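Here is the structure we will look at, set down as structure tokens.
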Amino acid sequence: MAKISPKKELQKIIDLMQVDLDHIEEDAEDNTVNLDIITPAHAQFYGQRGRTFDALQHLLRVILWKKGLSEYINLDLNSAKKTQYDKVREQARQAAEKITNDKDHGDLPHMNPTFRRIAHLTIKNEFPDLQTESIEEHGWKFVRISKKDKS
């Protein structure tokens, strides 16, 4: 069976959409394939309230899942999400440093599921002596970072 290429599948969809495209950047990390659409036609990709972009991402995920790809697919448009994700990673790192140095635990602000996942993975991969958990409070969830039990 031929290896499935998320980038090629996305390119096929974009070709059918007949929208201007500079290129697609692809990288993989933590069982996630990140595809960044670099384009001057960002409004056409984004659509009204992001619906076109969300539909494109959903369509690509379904196509790849049906072809047997198990990795999580994350689409970005002109690196907008990447910039947000980098801010979440940095926020998690700063909180983790405080906890490593002097605090018992710390809480990140309320976040959506994607941002919480990024925070959890950042701590897991970069701070082996710390642990994370999602806590719900008044219908909102946040990430709590604490030191691992030594037992």
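The values are calculated or read from the model by the stated rules, or taken from the named source; none is laboratory data. This is a predicted model, so every value here is computed, not measured. No Cβ is skipped: glycine too gets one built from the backbone with ideal geometry, and neighbour counts run over all protein chains shown.
Details
- Residue check for L35: touching a strand residue (DSSP E or B) at 6+ places or on another chain (Cβ under 8 Å), farther than 29 Å from I135 by Cβ and in a helix (DSSP H, G or I): no
- Within region 92-110, the only residue that satisfies the criterion of being part of a loop (DSSP other than H, G, I, E, B) and surrounded by 19 or more Cβ atoms within 10 Å (Cβ to Cβ) is L108.
- Scanning region 56-95 for residues that are touching a His at 6+ places or on another chain (Cβ under 9 Å) and farther than 15 Å from E25 by Cβ returns a single hit, A92.
- Residue match in region 61-70 (condition: touching a strand residue (DSSP E or B) at 6+ places or on another chain (Cβ under 7 Å), within 26 Å of V19 (Cα to Cα) and modelled with pLDDT of 90 or more): yes
- Taking the criterion of being in contact with a helix residue (DSSP H, G or I) (Cβ under 7 Å, 6 or more places away or on another chain), assigned to a strand (DSSP E or B) and either among the hydrophobic types (A, V, I, L, M, F, W, C) or within 25 Å of T83 (Cα to Cα) (or both), the residues of region 112-147 that qualify are L130, T132, S134, K141, V143, I145.
- Contacts under 6 angstrom Cβ, first residue in region 75-88 being under 16 Å from R117 (Cα atoms), partner of a type in the set (V, I, T) and surrounded by 13 or more Cβ atoms within 10 Å (Cβ to Cβ), 6 or more apart: Y85/I118; V88/I118
- Cross-chain or 6+ apart pairs with Cβ under 6 Å, region 118-130 first and over 15 Å from K147 (Cβ atoms), then among the acidic types (D, E) and surrounded by fewer than 17 Cβ atoms within 10 Å (Cβ to Cβ): L121/D30
- Scanning region 105-135 for residues that are under 17 Å from D30 (Cβ atoms) and among the acidic types (D, E) yields a count of 1.
- Annotation note: of T132, T114, T100, the sole residue that is over 19 Å from the mean Cα position of the chain (by Cα), of a type in the set (S, T, N, Q) and not assigned by TED's automatic domain parsing to the domain that holds H23 is T100.
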